[in-house]
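Bear in mind these aren't lab numbers, they're just calculated from the coordinates by the rules spelled out. These figures come from a predicted structure and were not determined experimentally. No Cβ is skipped: glycine too gets one built from the backbone with ideal geometry, and neighbour counts run over all protein chains shown.
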Amino acid sequence: MMAQARSIAVSLSDKRKNEDGSNGANALVMNAGTENDTVAAGVSSSILEEYIGCCASMGLRPSSVVLRMVLEHQAAPQRLTTLQLHHTYMGDSGTAALGRCLATTLPFLRALSLANNGVGNDGVAALSAGISEKARLPAVHAGQVLPLLVLDLSHNSKITRAGGQALLNTASRISSRLSLISLVGTRVTDYFESRIIRHCANTFDALSENDQQLVYDLGRELGLIADDDAAQMATGAGSRSDSVAR
């Protein structure tokens, strides 16, 4: 069985919020520079400039957490495979900005947690579009943009039926690789939840053994899968029966 998602607070120096209750615009004093920080040839000439530009186009200041993580990994962006944004008050606006440039800013990201962020249906819709684009790009830029496998949206009570529809549309795409989604504490209806579960389970079964193990490892890292589940999978003693952590 899947363990319920555990929310891990991220300490931020700036707790100021936007009007929608988000601080998806937390400031980080920095000089983005103009150097060519190429991560994926033909995808983005500068991951920092791409993200900052997305936020600027929406009238937002970039999230300090996202900027810090990108800065820490800009020399080796392939190492930034997990992004934990628990309790960072991203809200719909910050989530939408992240979704718009998910493929270009975080091309190697495999797991994303937005637990307890005040995310609603608008944020989920924008994020879903970004996840779909990220899943489509590997066919164009082989090995330089990787699809998202694990998504934690737990404890965002503003996500309702419309958000479930957006997630279902994404999970059901042929190119989708989403195999584990946490919807603990949301208001997604049973109708959409059951269908999301089915699509995620089918996607997981179609993954290679290495990617299946990666899903378990990422799920454990985000607190969505208990250690005994991963041990069963590693020994072949059990199979994953629930692709949505509740």
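May I ask for the net charge around ALA162, where only other residues with Cβ less than 11 Å from the Cβ of ALA162 are counted and Lys, Arg are +1 while Asp, Glu are -1?
Within the 11 Å Cβ shell, the charges total +2.
I need PHE108, PHE192 ordered by Cβ neighbour count within 10 Å, fewest first.
PHE108, PHE192
Set the Förster distance to 30 Å, then compute FRET efficiency between ARG220 and ARG161 from the Cβ-Cβ distance, nearest 0.05.
0.50
Give me the Kirkwood hydrodynamic radius of region 47-245, using the inverse of the mean 1/r over all pairs of distinct Cα atoms, in Å to one decimal.
So the Kirkwood estimate lands at 16.7 Å.
Provide SER157, SER128 in ascending order of the number of other Cβ atoms located within 10 Å of each residue's Cβ, fewest first.
By the 10 Å Cβ count, ascending, the order reads SER157, SER128.
Which whole-number percentage describes the relative contact order of region 47-245, with Cα contacts under 8 Å and a sequence gap of 6 or more?
Once normalised by length, the contact order is 16 percent.
Given the options LEU48, LEU180, ALA226, identify the residue whose Cα lies farthest towards the positive end of the charge dipole of region 47-245 (+1 on Cβ of Lys, Arg; -1 on Cβ of Asp, Glu).
Of LEU48, LEU180, ALA226, it is LEU48.
Report the gain in length on full extension from TYR191 to ARG136: 0.36 nm times residue separation, minus Cα-Cα distance, nm rounded to one decimal.
The TYR191-ARG136 span can extend by a further 17.1 nm.
Can you tell me the length gained on complete extension of the stretch ALA56 to ASN202, counting 0.36 nm per residue apart and subtracting the Cα distance?
Details: separation 146, 0.36 × 146 = 52.56 nm, distance 3.83 nm.
In short, 48.7 nm is gained.
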